[in-house]
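One structure is given below, encoded as structure tokens.
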């Protein structure tokens, strides 16, 4: 055994089975995964976790479910990548593939379950729902209004029917193109465009319905 | 903010706010949890061993690291430095793992404990696997391991590998001793090595007395077989029939053959 006599034993640093620690961009990731799954997988998680978590958060409406969905997505992805032949991994369109897994995980979890009640009064949950701190340049009163609006919008997105919510989140929150969304949802591109448009309209109507009474209470003039 | 927005929230405002909702950071725990579940990352917990409490790291492939006499923070730091993987602490280790660990340490049944030895060379793995074959309550010299794995001249290298054993106690590097019969060194000190061997039923005092007198083998004059003194068959030789030898050559000259279980001829 080691020649160190008791006390703190330091493990010598050594080469490990994970390959080099270097950033891999999205485009070269499939090839990297095909060559060394364990080495590149960590990079896949790191480069997609924020996007997929953001997606899951908007689908599930609350952080704990979103984290579970994100975890499950990556674990499913890992198992699939292990089983796929190298050629298939190399040719994989990773981003829509991962979003589709996340969507399926979400749908399977929801199966047989009830709709979650999302409160419009999210005191204390703002940061958890991804509502960031306000720009310092904005006046406090406006900032408050903006924050309220965001909170309202977040709750309304969660309450939107899934057939609108999913494409709206993919298009506007995740900033994906219609063609990619169509491939994730396996719907014609026209259907996707229509649902995104209708979904955003519904959100706008609902936001304005929420806003009006609030403005009255504060005694503000409406123009 | 424009006047228009106060009256009616426009589509562009909705779109901007939706876009801003995308700026979220995933919890830092995701990577570690995913890697652990996928078999790449590790979790760790505490376990009592014969020489004190140890931290034990494991993943889906098996046990990956064991350390004693360190704080949790030191363990995590050392683990990350050596393996370059994330690690997280669990309150309770999985029940099946605890069962396997306990059985492994008791040595009462054949152990089904698996180890994650990725990142080690073929030679390093061969040394550790061979050490794992040494039964509880017995010891073997470094040179024995070197010969058994077909690298008879790599005695020093065997010592180095065992000194860096990532899973001490569980892979019993403490059962490997100096070729002159002395207990030799150990990561947690020679005293800890004696203690863990004694806990496994090795008569350390007798072994060291034999080493001092230069006697390395026990023979039985009824079977004409000779063994390492700690071999389970050597321990059954009664005082009346026990013959002591200094070397393989001496035993061979006396007409004794090496034991097939402990294979003493492999350590000259």
Kindly check whether there is at least one residue in segment B:139-146 that is part of a loop (DSSP other than H, G, I, E, B) and surrounded by fewer than 22 Cβ atoms within 10 Å (Cβ to Cβ). no
Boolean, residue B:114 is within 27 Å of residue B:138 (Cβ to Cβ) and modelled with pLDDT under 85: no
Restricting to segment A:65-102, name every residue that is touching a residue at least 60 places away in the same chain (Cβ under 8 Å) and surrounded by fewer than 17 Cβ atoms within 10 Å (Cβ to Cβ). A:90, A:91, A:93, A:100
Hey, could you check segment B:7-22 for residues that are more than 26 Å from residue A:69 (Cβ to Cβ) and facing chain A (nearest Cβ under 7 Å) and say which is modelled with the highest pLDDT? B:11
From the residues in segment A:38-52 that are more than 7 Å from chain B (Cβ to nearest Cβ) and surrounded by fewer than 20 Cβ atoms within 10 Å (Cβ to Cβ), which one is nearest to the chain's Cα centre (by Cα)? A:47
Determine which member of the set B:53, B:43, B:57 is more than 9 Å from chain A (Cβ to nearest Cβ), touching a residue at least 12 places away in the same chain (Cβ under 8 Å) and loosely packed, with under 14 Cβ neighbours inside 10 Å. B:53
What are the pairs, 6+ residues apart or on separate chains, where a residue within segment B:69-84 that is without any contact (Cβ under 8 Å) to a residue 24 or more places away in the chain and within 7 Å of chain A (Cβ to nearest Cβ) has its Cβ under 8 Å from a residue that is surrounded by 19 or more Cβ atoms within 10 Å (Cβ to Cβ) and assigned to a helix (DSSP H, G or I)? B:70/B:78
So which of B:181, B:187, B:219 ends up being within 18 Å of the chain's Cα centre (by Cα) and touching a residue at least 24 places away in the same chain (Cβ under 8 Å)? B:187
When segment B:23-40 is examined, which residues are found to be at pLDDT below 85, at the interface with chain A (Cβ under 7 Å from one of its Cβ atoms) and surrounded by fewer than 19 Cβ atoms within 10 Å (Cβ to Cβ)? B:37
What single numbered condition from (1) more than 17 Å from residue B:14 (Cα to Cα); (2) modelled with pLDDT of 90 or more; (3) away from chain B (no Cβ under 14 Å) fails to hold for residue A:102? (3)
State all residues of segment A:146-168 that are at the interface with chain B (Cβ under 8 Å from one of its Cβ atoms) and closer than 15 Å to residue A:51 by Cα; if no residue qualifies, say none. A:168
Would you point out which residue out of B:257, B:263, B:224, B:175 is in contact (Cβ under 8 Å) with a residue 12 or more places away in the chain, within 24 Å of residue B:107 (Cα to Cα) and touching a strand residue (DSSP E or B) at 6+ places or on another chain (Cβ under 7 Å)? B:175
Can you name the number of the only condition in (1) under 18 Å from residue B:35 (Cβ atoms); (2) assigned to a helix (DSSP H, G or I) that residue B:101 fails? (1)
Which members of segment B:102-116 meet the condition of being in contact with a strand residue (DSSP E or B) (Cβ under 6 Å, 6 or more places away or on another chain) and crowded, with 19+ Cβ neighbours inside 10 Å? B:115, B:116
Looking at segment B:60-69, which of its residues are surrounded by fewer than 18 Cβ atoms within 10 Å (Cβ to Cβ) and either in a strand (DSSP E or B) or in contact with a helix residue (DSSP H, G or I) (Cβ under 9 Å, 6 or more places away or on another chain) (or both)? B:60, B:62
How many of the residues in segment B:162-191 are at the interface with chain A (Cβ under 10 Å from one of its Cβ atoms) and under 23 Å from residue B:115 (Cα atoms)? 12
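The values are calculated or read from the model by the stated rules, or taken from the named source; none is laboratory data. These numbers were taken from a predicted model, which means no experiment stands behind them. Because the Cβ atoms are built from the backbone with ideal geometry, glycine has one as well, and the counts that use them run over all protein chains shown.
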